[in-house]
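Down below is the structure, laid out as C-alpha cells.
The values are calculated or read from the model by the stated rules, or taken from the named source; none is laboratory data. Just so it is clear, the structure is predicted and the values come from calculations on it, not from any experiment. Here the Cβ is made from the backbone with ideal geometry for all residues, glycine too, and neighbour counts use every protein chain on show. SASA here: full protein model, heavy atoms, side chains in, ligands and nucleic acids out. Shrake-Rupley method; radii C 1.70, N 1.55, O 1.52, S 1.80 Å.
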Amino acid sequence: MPEHLELQQLVGGVLQSSVRRQTFPWARCSCPYLGIILATISSLFFSLCSVIVKGLVDINPIELATFRFIGVLLPSIPIAIYKEECFFPKGKRIILVLRCFVGTTGLMLSFYAFRHMPLADASVIIFSTPVFVAIFARLFLRESCGMFNVLTIFLTLIGVVLITRPPFLFGDIGTQSLADEQIMETNYDVWGPVAALSSTLFGANAYVLLRALKGLHFSVIMTNFGAFALIYTLIVCYYLGALCWPLCGTDRLLVIALALFSFGGQILLTLALQYEQAGPVAIARSADIVFAFIWQIMFFREAPNVYSVLGALLVVSSVVLSGMRKWALALPRDSDLRKRLKCFISE
C-alpha cells in the first residue's frame, strides 16, 4: 500500500508523528528498535494484502478494495467515539472529502496494478509515492523543493522507466516464469503500469492533503475515509457489474484476511510512529519491496529480470535518501547525529 504509502498507506507519517504522544500516551518501551520492528511487520502485512489481491483472480480488484475499506471503517468508528471526536468537523470538510476521493481512487488503481502486473514491479512503483510528495507539496503548499528532492525524483523516474520498460525504449521485454524450462516472454497489460503510476500520483496528493489535516485525530480521517471509500467502491462495483459474494471456502477466508491485514498493518504503522521518528520508519517500510520480490517468486513463480531489479534498487535508494533527510531534519540542531547527517540536510 505505500499505500502503498497508502498506499499506500491510510494515515501519513506527518499526521501520525504530530499526534503520537497525544493519541497513545502509554507508548513507552525500552527497546530502541521497536518502532523499526513494528514498521517492518506492517510492511509484511501490507505485502500480504497485495498477494491476496493478485491471487484472488475470480474477484474483481475493485470489489476487493470494498472489503478492505470495511476493514478500515469498522474498527475506526469505536476509536473516534471513545475519543469523543467530531466525525465531520467544520472547516475541514472539503479537504476531508478530497483526501477521501484521491485516497480511494489511488488504492483502487493500486489493486488493479497488482492484478495486472508482476507483484514486485507494481509494489516498487506504488511505493515510490513519498518521493513525489515533494512535487505536489511545492505546488499546493508552497514548500521548498531543492536539489536533493530533484535528485531523488530523478532517480525514482529512472527506476520507474526500468520497471515499466516502455516499448518505444526497450522493445518487447517481458518477465520470466520459473515454472517453464525455457525462457518465455510475456508482456503484461499496458494498463497495469498506467494504473500503478496513476496510483502513485493520487497517493502523493493524499499525503499533501493529510498535511493540511494534521490537526485532526487519525480516527476521524480513517472513519471518513472508510465510509466515503465504501460508498465510492460500491457504486463503481455496481457500474462494473462486479457486486457478488466471494465463493465459499478459501476465497471468503482470504477476503477476511485482506481486511484484517489491512487494519493490522495500519495500526502497526501507527504504533511504529509512536516509538520512532517518521524518517527511520519510512526507511523500514522499504521492506515492503523486499517482501514483494519474495512473494512474487514463491507464490506466482515469476522471476524478476535485471531491469526490474535495477529499477527497484533506484526507487528504494530514493526512498531511503528521503527518509534519511526527514530524520536528519527532525533531530535537534546541536545533535551530533545531525552533524554527521548534514549531507542530507543541505540542498
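Here are the numbers for the structure shown:
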item	result
Residue list for the range 78-94, restricted to those being surrounded by 12 or more Cβ atoms within 10 Å (Cβ to Cβ) and among the aliphatic types (A, V, I, L, M)	79, 80, 81
The range 322-332, residues that are within 13 Å of residue 134 (Cα to Cα) and of a type outside the set (S, T, N, Q)	323, 325, 326
Residue satisfying condition, being crowded, with 21+ Cβ neighbours inside 10 Å and among the polar types (S, T, N, Q), within set 317, 335, 322	322
Residues located in the range 247-270, provided they are more than 12 Å from residue 56 (Cα to Cα) and not in a helix (DSSP H, G or I)	248, 249
Top-ranked residue of the range 271-302 - restricted to ones that are outside any helix (DSSP H, G or I) and modelled with pLDDT of 80 or more, ranked as least open to solvent (accessible area, probe 1.4 Å)	302
Boolean, residue 139 is assigned to a helix (DSSP H, G or I) and touching a Phe, Trp or Tyr at 6+ places or on another chain (Cβ under 7 Å)	no
Residue in the range 286-304 that is closer than 30 Å to residue 148 by Cα and more than 18 Å from the chain's Cα centre (by Cα) present	yes
Count of residues meeting criterion [assigned to a helix (DSSP H, G or I) and among the charged types (D, E, K, R)] in the range 67-107	3
Of all residues making up the range 212-251, the number that are open to solvent by 60 Å² or more (accessible area, probe 1.4 Å) and within 24 Å of the chain's Cα centre (by Cα)	6
Any hit, the range 214-226, residues being of a type in the set (S, T, N, Q), on the phi < 0 side of the Ramachandran plot and not in a helix (DSSP H, G or I)	no
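Okay, residues lined up against (1) within 23 Å of residue 71 (Cα to Cα); (2) among the charged types (D, E, K, R); (3) touching a helix residue (DSSP H, G or I) at 6+ places or on another chain (Cβ under 8 Å):
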{"position": "253", "(1), (2), (3)": "yes, no, no"}
{"position": "258", "(1), (2), (3)": "yes, no, yes"}
{"position": "266", "(1), (2), (3)": "yes, no, yes"}
{"position": "272", "(1), (2), (3)": "yes, no, yes"}
{"position": "280", "(1), (2), (3)": "no, no, yes"}
{"position": "284", "(1), (2), (3)": "no, no, yes"}
{"position": "292", "(1), (2), (3)": "yes, no, yes"}
{"position": "313", "(1), (2), (3)": "no, no, yes"}
